[in-house]
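J.: The structure is given below, and queries will be raised subsequently.
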Amino acid sequence: MREQVPFIDLQGICYAYPVSGEAETTASLALNEVSLQIDRGEYVVLLGHNGSGKSTLARHCNALLLPDAGRVLVNGIDTRDEGKRRYVRDSVGMIFQHPDNQIIATIVEDDVAWSLSVRGFSRQEIRERVSQALEAVGIAHLRHSPPHKLSGGQRQRLAIAGVLALRPQCIIADEATSMLDPLSRREITRLLHQLQQAYGLAVIQVTHLLEEAVLAERVVVMEQGRIVHEGQPVEIFRDLEHLRRLKLAIPEPLELAQRLRLSGFSIAPEALTLETIAREVARA
Ligand SMILES: Nc1ncnc2c1ncn2[C@@H]1O[C@H](COP(=O)(O)OP(=O)(O)OP(=O)(O)O)[C@@H](O)[C@H]1O
Ligand SMILES: [Mg+2]
C-alpha cells in the first residue's frame with residue numbers, strides 16, 4: 001500500500017546496552033527485532049510502560065544509538081554512515097523530558113541561534129530562522145527573556161524552537177510532556193500537531209499516556225523491546241483489557257464510554273474524547 005520510500009525505516013533492529021563490569025554477561029535486548037516505518041508528515045505515537053524500549057527505539061531514529069543488528073535508514077541513508085550523521089541528526093530533531101538539558105544560552109533568542117551559529121549560517125539566515133522558530137512555537141514575545149524565567153511549558157517550547165530552527169523533517173518528542181501540568185501537557189501535544197500540519201513534519205510522540213495518542217494517525221505499542229500492537233487510535237482503544245495488561249492507565253473518557261455502553265448507551269468506538277462521547281449521549 002505504501003507508495004513511497006518511508007522517511008524512517010527501521011529494519012529488524014536489535015539492541016542491547018553494553019553491560020558494565022564482567023564482559024560477556026548476557027545482556028537482555030532493549031530492542032528485539034523491531035521493524036517500523038515512519039512516513040513523511042506522519043503523526044505516530046509510541047506507547048508503552050516503563051522500560052518497554054520506547055526511548056531506545058527513538059534514539060535509533062537519529063543515530064544517537066546504532067543497532068547491533070538490522071539497519072536504520074533515514075531518508076534512505078544508513079545511520080551507520082558517519083559522513084552523513086550531521087544530516088541525519090538535523091533531519092530528525094529530538095526533544096526530551098527535561099528541556100533544561102537542551103537549553104544552553106542565557107537569553108531565549110541566543111539559545112535558538114546557538115546550533116545555527118555552530119553550523120556556520122549567516123547572521124541574516126540565523127535572524128530569520130530564529131524569528132520563525134520562536135513564532136512557530138508561540139514564544140516570540142519572550143525572545144529577550146532569560147530561559148530560567150520561563151514556565152516549564154515555555155521552556156519545552158524553547159527546546160522545540162531550537163530543533164525547529166534546523167528545519168528538520170521529523171521531530172521526536174520523548175516524554176516531552178511528562179514533567180508538565182495537564183494543561184501545558186495538552187498545549188505541547190497541540191503544538192506538535194500544529195507543527196505537523198504547518199510544516200508537513202513527521203512527528204513521533206513517545207509517551208506512556210494513552211490520552212496523548214487519541215489524535216495520532218497511528219499508534220505503535222511496545223512491550224519488552226518489541227512492537228506488540230500497531231494501528232489507528234480507534235483500533236488500539238478497542239481492547240482496553242489488553243492495554244490494562246500492558247500496565248497503561250486508561251484515560252477517563254474511555255472508562256466513561258465503557259461504563260455508558262454497559263448501561264445500554266450506544267457509543268461509537270470512534271468517540272475517544274469527552275466532547276465526542278457527550279455528543280453520542282445527546283444523540284441517544
Ligand atoms: N543507559 C542504559 N544502560 C543500560 N540499560 C538501559 C539503559 N537505558 C535503558 N536501559 C534498559 O533498556 C530497556 C529499555 O529502556 P528504555 O529506556 O528504552 O525504555 P522506555 O520505554 O523509554 O522506558 P521509560 O518509560 O522509563 O522512559 C530497559 O530494560 C532499560 O532498563
Ligand atoms: Mg523512555
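J.: When residues of the stretch 73-112 are filtered for being outside any helix (DSSP H, G or I) and under 28 Å from H148 (Cα atoms), how many remain? Walk me through it before giving the result.
T.: Quick first cut of the stretch 73-112, residues outside any helix (DSSP H, G or I) only: 73-81, 92-98, 103-107.
Those left that are additionally under 28 Å from H148 (Cα atoms): 92-98, 103-107.
Adding up the residues that qualify gives 12.
J.: Here is a follow-up. Return the residues of the stretch 169-187 that are crowded, with 21+ Cβ neighbours inside 10 Å and assigned to a strand (DSSP E or B); say none if nothing qualifies. Before you say what the answer is, go through the steps one by one.
T.: Narrowing the stretch 169-187 to residues crowded, with 21+ Cβ neighbours inside 10 Å: 170-173, 176-177, 185.
C170, I171, I172, A173 - these are the residues of the stretch 169-187 that are crowded, with 21+ Cβ neighbours inside 10 Å and assigned to a strand (DSSP E or B).
J.: Scan (1) out of contact with any Pro (no Cβ under 9 Å at 6 or more places or on another chain); (2) more than 23 Å from E223 (Cβ to Cβ) for the single condition L64 breaks and write down its number.
T.: (2)
J.: Among the residues of the stretch 18-50, what is the count of those that are at pLDDT 95 or above and either more than 10 Å from ligand 1 (Cβ to nearest atom) or assigned to a loop (DSSP other than H, G, I, E, B) (or both)?
T.: Final tally of qualifying residues: 15.
J.: Can you pull out every residue in the stretch 196-212 that is buried (at least 19 other Cβ atoms within 10 Å of the Cβ) and in a helix (DSSP H, G or I)?
T.: Result: Q196, L210, E211, E212.
J.: Same structure again: If you go through the stretch 179-212, how many residues are touching a Cys at 6+ places or on another chain (Cβ under 9 Å) and within 13 Å of ligand 1 (Cβ to nearest atom)? Step through it out loud before you land on a result.
T.: The first filter runs over the stretch 179-212 and keeps only residues touching a Cys at 6+ places or on another chain (Cβ under 9 Å), leaving 201-204.
Right, trim to within 13 Å of ligand 1 (Cβ to nearest atom) and you get 204.
Qualifying residue count, the stretch 179-212: 1.
J.: Let me confirm something: among A161, A136, which residue is in a helix (DSSP H, G or I), under 17 Å from the mean Cα position of the chain (by Cα) and of a type outside the set (K, R)?
T.: Testing whether each residue is in a helix (DSSP H, G or I), under 17 Å from the mean Cα position of the chain (by Cα) and of a type outside the set (K, R) leaves just A161.
J.: Which of the numbered conditions does N101 fail, given that it passes all the others? Conditions: (1) within 16 Å of ligand 1 (Cβ to nearest atom); (2) at pLDDT 95 or above.
T.: It is condition (2) that N101 fails.
J.: Considering the stretch 32-56 alone, what residues qualify as being within 9 Å of ligand 2 (Cβ to nearest atom) and under 27 Å from E82 (Cα atoms)?
T.: Taking the stretch 32-56 and keeping what is within 9 Å of ligand 2 (Cβ to nearest atom), we get 48, 50-56.
Those that are within 9 Å of ligand 2 (Cβ to nearest atom) and under 27 Å from E82 (Cα atoms): G53, K54, S55, T56.
J.: Restricting to the stretch 208-220, give me the number of residues that are closer than 11 Å to A173 by Cβ and either more than 16 Å from ligand 2 (Cβ to nearest atom) or modelled with pLDDT of 95 or more (or both). Even if it seems obvious, please write down each step before you answer.
T.: From the stretch 208-220, those closer than 11 Å to A173 by Cβ are 212; that's our starting set.
This time we only want the ones that are either more than 16 Å from ligand 2 (Cβ to nearest atom) or modelled with pLDDT of 95 or more (or both), so: none.
Total satisfying the criteria: 0.
J.: Ok, one more. Just name the residue that is farthest from ligand 1 (Cβ to nearest atom) out of those in the stretch 63-89 that are under 29 Å from L158 (Cβ atoms), touching a helix residue (DSSP H, G or I) at 6+ places or on another chain (Cβ under 9 Å) and not aliphatic (A, V, I, L, M).
T.: It comes out as N75.
J.: Scan the stretch 172-200 residue by residue and report those that are within 16 Å of ligand 2 (Cβ to nearest atom) and over 22 Å from N50 (Cα atoms).
T.: Correct list: empty.
J.: Restricting attention to the stretch 51-68, which residues are surrounded by fewer than 19 Cβ atoms within 10 Å (Cβ to Cβ) and either part of a helix (DSSP H, G or I) or hydroxyl-bearing (S, T, Y) (or both)?
T.: R59
The values are calculated or read from the model by the stated rules, or taken from the named source; none is laboratory data. Model, not experiment: these values are computed from the prediction. Cβ atoms come from the backbone with ideal geometry, glycine included; neighbour counts cover every protein chain shown.
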